[in-house]
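One structure is given below, encoded as structure tokens.
Rule-based calculations on the coordinates, nothing more; no lab input. Since the structure is predicted, the reported quantities are computational estimates derived from the model, not experimental observations. Please note: Cβ atoms are built from the backbone with ideal geometry, for glycine as well, and neighbour counts cover all protein chains shown.
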Amino acid sequence: MTTYKNNALPAVLLMIVLAAFSRLIPHYPNFTAIGALALFSGAYINRNWLGYAAPVFALFLSDLVLGLHEGMIVVYAATLLIVFLGNTMLHNKVRTGSVASASVTASVSFFIITNFGVWASGYLYPRDVTGLVSCYVAAIPFFHSTLLGDLFFSGVMFGSYALLSKRFPNLAFEK
């Protein structure tokens with residue numbers, strides 16, 4: 001079981017909030033830290049409600065600035081799944097390969113879930129197999145940005161935290 005040392009939890013929460021700001025600055029479409037912050041939260045905020053609440057709250061705060069939308073529930077559900085992936089794939093197993101694998105899994109999951117939600121809404125595509133296929137095909141150009149963003153920001157977040165934890169041991173978690 002992971003326990004928190006002095007400043008570990010506030011440091012992790014601060015990193016999550018900072019990552020949420022990636023949605024508010026000019027960026028290439030879908031190249032944000034949302035997937036990475038959800039994986040990071042799942043990996044480091046153990047199996048409790050805060051691990052799930054922190055990224056959703058950060059996402060909600062940025063949505064208040066960007067604008068609330070009908071697809072929020074689907075995006076939040078996909079984000080919660082990514083927290084779960086971080087918890088199951090990375091908790092006490094944070095290594096370069098496992099972070100990269102979890103990032104790819106997060107990107108694919110987010111793509112499948114959110115685009116299914118777009119199709120199911122019935123606003124843009126007919127609710128039949130042709131509409132579903134059309135929805136996923138139309139979303140392909142955006143997938144590479146999601147994947148690259150998840151990989152890049154996961155590298156930044158997990159790498160930065162690893163370096164900070166070595167430099168400042170009171171930021172590290174006990175295993």
13 Å reach of a label modelled at Ala100, 7 Å along Cα-to-Cβ, counting backbone N of the stretch 136-163 = 151-152, 155
query = Measuring from label point to label point, each 7 Å out along Cα→Cβ, what is the Tyr76 to Phe142 span in nm?
reply = 1.9
request  = Using label points projected 7 Å from each Cα along Cα→Cβ, tell me how many nm separate Ile112 and Phe21, to one decimal.
outcome  = 3.5
Mean separation of Cα contacts under 8 Å (6+ apart) over length of the stretch 3-169, as relative contact order % = 28
remark   = Under the rule rounded for a/c under 1.5, else prolate if a/b exceeds b/c, else oblate, using alpha carbon gyration tensor axes a ≥ b ≥ c, the chain is classed as prolate
ask   = How large is the helix-only mean residue ellipticity at 222 nm for the chain, computed as the sum of -39500 (n - 2.57) over DSSP H runs with n ≥ 4, divided by its residue count, in deg cm²/dmol to the nearest 500?
value = -25000 deg cm²/dmol
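Treat the count of other C-beta atoms within 10 Å as a stand-in for reagent exposure and order Arg95, Arg23 from fewest to most.
Ascending number of Cβ neighbours within 10 Å: Arg95, Arg23.
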task = Mind pulling the angle between the C-alpha long axis of helix 96-121 and the longest principal axis of the chain? Nearest 10 degrees, somewhere in 0 to 90.
result = 30
query = Relative to the present Cα-Cα distance, how much length would full extension add between Tyr28 and Asn48 at 0.36 nm per residue of separation?
reply = 3.9 nm
query = Tilt of helix 8-20 relative to the longest C-alpha principal axis of the chain, in degrees (0 to 90, nearest 10)?
reply = 30
remark   = Here the net charge surrounding Ile34, from other residues whose Cβ is less than 14 Å away from its Cβ (Lys, Arg +1; Asp, Glu -1), is -1
remark   = Listed residues Asn87, Asn30, Asn48; largest mean-square fluctuation, Gaussian network over the chain with Cα springs below 10 Å, found at Asn48
